[in-house]
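Note sheet for the following structure.
The values are calculated or read from the model by the stated rules, or taken from the named source; none is laboratory data. All figures in this text were calculated on a predicted structure; none of them were measured in a lab. Don't worry about glycine lacking a Cβ; one is built from the backbone with ideal geometry, like all the others, and counts go over all protein chains shown.
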Amino acid sequence: PVLVVDFGAQYAQLIARRVREAGMYSEVIPHTAKAAEFAARKPVAIVLSGGPSSVYGEGVPALDTEVFDLGVPIFGICYGFQIMTTSLGGTVAKTDRREYGSTQLTVTEPGTLLAGQPETQTVWMSHGDSVTEAPDGFTVLASTAGAPIAAFENLERRFAGVQWHPEVMHSAFGQEVLRNFLYRVAGLSSDWSPASVIDEQVELIRQQVGDKKVICGLSGGVDSAVAAALVHKAVGDQLTCVFVDHGLLRQDERTQVENDYVDATGIRLVTIDASEQFLGQLAGITDPEDKRKAIGHEFIRTFESAAADLVLEARETAADGSGEEIEFLVQGTLYPDVVESGGGSGTANIKSHHNVGGLPEDLQFKLVEPLRALFKDEVRAIGRELGLPEVIVSRQPFPGPGLGIRIIGEVTKDRLDTLRKADAIVRAELTAAGLDAEIWQCPVVLLADVRSVGVQGDGRTYGHPIVLRPVSSEDAMTADWTRLPYELLATISNRITNEVEEVNRVVLDVTSKPPGTIEWE
Ligand code: XMP
């Protein structure tokens, strides 16, 4: 892999994603790893990420300098650029001049790293100190007002570095710089594509599972759908999927899973219709946390009993000598979860409890996690490559508790029907406007306990408001409200108030996160 060194400030994961987008497999490694640990992971290149602003600060993250002697190509970014400089005998000076944000860069000598790039370009900066003297053997390539040495390279050692952040969108030619490093300075060839991941994972799943049986809980979301499709490609009908319909799904979601998805994959699917039970459990509850608990508990109970039935069934046929017991459970765990929980071996168990809602001790499964090395956009690419329907692959995130936490007030069947209609209109209009890729997600919320006066047709109405909550985000940790075109908002508002009974007002949520969360509950 290309190893991306994490200096503790959230840049490493983004860089790892960009490396993958450039066509190379990447993994994140902590800066505390010794040179021998780097070597053991057989890196084809190393990227040093950004980090705290000063290499001279106290207790700032360092790097084992022997990493520079491994003979592996290295690319330093921002803080990593400065670590590279000081480790190899150059100088970084404390300056009072801070550069932050969009900055004009002048390419003085393109070399190999900046070959084919415009002489002046906009880059994203965030630094206080500056490199004032490049290490011996390095050619200086570019400068900015605050950074006399903003990029350098040493082709003999296959080392290069930049002061700016090529991984962020605001750097106009960032991805080209990264590609130039990987393919020209380091001389690598691409080893990462959806097709290669599928082949590799299918082989690994076959090795792990053998002829045993596997079970998977489908949520309707992208991750579990792609994980199950991969496992099915590997071991076919040894896999059974369970889909719990809790009655809190959006319009057509169940059909999409039961028909479109099954058609595309041929997966054996058991649907449990538990909407009545869920509604029963939700009766009288208005507090968001109580709702989540009620839905969570009921989900565990339902999945558990379905899994137990399947285990029993498999056990009976196994006893006949005609089959195998269920030994494995598929999980859609992604790489960011693995990195965030330290990547240790404890990760899988914590996740299994979190994701399928805590399976009981006596149903111990071994986990199959074919997406453990992947980022979300890669999961989508793999889903497409596997031929999954676009409605599943491009689905925006949808919370496990579903529409249950988008009805402010008690959840009832009528209210769910109202919200489902409004939500379907919003989704159809956003798709028609071609905005699906731009929007992270757009919760549609029914303020069931609020009424307002309106006039519709000939008479006075006393109905409920629908809230539109379109947000843009990279990872849902922070978000901004999406500036949807007024015309589109007008169309959505007209359609909802005309087509959905009980709703006589549509309002727009213009709050970022923080302070608001994405969902209303
Ligand atoms: P918030 O509302 O916390 O949401 O800003 C962040 C992201 O998480 C989703 N979300 C959930 N997903 N179970 C889930 O699987 C949940 O209980 C849950 N609550 C929120 C939300 O849709 C957004 O993408």
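Looking for something in contact with a Ser or Thr (Cβ under 8 Å, 6 or more places away or on another chain) and either assigned by TED's automatic domain parsing to the domain that holds Glu369 or assigned to a helix (DSSP H, G or I) (or both) - is there at least one such residue anywhere in the stretch 202-214?
Checking the stretch 202-214: at least one residue is in contact with a Ser or Thr (Cβ under 8 Å, 6 or more places away or on another chain) and either assigned by TED's automatic domain parsing to the domain that holds Glu369 or assigned to a helix (DSSP H, G or I) (or both).
Consider Ala283 against the criteria (1) hydrophobic (A, V, I, L, M, F, W, C); (2) under 13 Å from Val330 (Cβ atoms); (3) at pLDDT 95 or above: it satisfies all of them except one. Which criterion is unmet?
(2)
Conditions tested, residue by residue: (1) touching a residue at least 40 places away in the same chain (Cβ under 8 Å); (2) buried (at least 18 other Cβ atoms within 10 Å of the Cβ); (3) within 16 Å of the ligand (Cβ to nearest atom); (4) at negative phi.
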| site | (1), (2), (3), (4) |
| --- | --- |
| Glu410 | yes, no, no, yes |
| Arg420 | yes, yes, no, yes |
| Asp423 | yes, yes, yes, yes |
| Ala428 | no, no, no, yes |
| Thr431 | no, no, no, yes |
| Pro443 | yes, yes, yes, yes |
| Gln456 | yes, no, no, yes |
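Does Leu182 satisfy the condition of being of a type in the set (A, V, I, L, M) and either in contact with a His (Cβ under 8 Å, 6 or more places away or on another chain) or within 16 Å of the ligand (Cβ to nearest atom) (or both)?
No.
Check Val242 against each of (1) touching a Ser or Thr at 6+ places or on another chain (Cβ under 9 Å); (2) in a helix (DSSP H, G or I); (3) of a type in the set (A, V, I, L, M, F, W, C); (4) not assigned by TED's automatic domain parsing to the domain that holds Thr112 and name the one condition it does not meet.
Condition (2) is where Val242 drops out.
Of all the residues that make up the stretch 304-325, how many are assigned to a helix (DSSP H, G or I) and in contact (Cβ under 8 Å) with a residue 12 or more places away in the chain?
7
Which ones in the stretch 26-83 are within 17 Å of Lys94 (Cα to Cα), within 29 Å of the chain's Cα centre (by Cα) and not in a loop (DSSP other than H, G, I, E, B)?
Tyr79, Gly80, Phe81
Might you check whether a residue that is part of a helix (DSSP H, G or I) and within 19 Å of Val168 (Cα to Cα) occurs anywhere in the stretch 96-111?
The answer is no, given that none of the residues of the stretch 96-111 is part of a helix (DSSP H, G or I) and within 19 Å of Val168 (Cα to Cα).
Answer yes if at least one residue in the stretch 458-478 is closer than 19 Å to Leu403 by Cβ and surrounded by fewer than 16 Cβ atoms within 10 Å (Cβ to Cβ), and no otherwise.
yes
Restricting to the stretch 253-282, give me the number of residues that are touching a helix residue (DSSP H, G or I) at 6+ places or on another chain (Cβ under 9 Å) and among the basic types (Lys, Arg).
The number of residues fulfilling the criteria is 1.
On the basis of being under 24 Å from Ala16 (Cβ atoms) and free of Cβ contacts under 8 Å to residues at least 12 places away in the same chain, does Glu167 make the cut?
no
Being within 16 Å of the ligand (Cβ to nearest atom) and exposed (fewer than 14 other Cβ atoms within 10 Å of the Cβ) is the filter here, so list the residues in the stretch 481-510 that pass it.
Within the stretch 481-510, just Val510 meets the criteria.
Away from the ligand (no atom under 16 Å from the Cβ), farther than 28 Å from His232 by Cα, of a type outside the set (Phe, Trp, Tyr) and surrounded by 13 or more Cβ atoms within 10 Å (Cβ to Cβ): which single residue out of Thr286, Thr265, Thr271 fits that description?
Going through Thr286, Thr265, Thr271 in turn, just one is away from the ligand (no atom under 16 Å from the Cβ), farther than 28 Å from His232 by Cα, of a type outside the set (Phe, Trp, Tyr) and surrounded by 13 or more Cβ atoms within 10 Å (Cβ to Cβ): Thr286.
Which condition number in (1) closer than 19 Å to Val379 by Cα; (2) at pLDDT 95 or above is the one that Gly220 fails?
Result: Gly220 fails condition (2) only.
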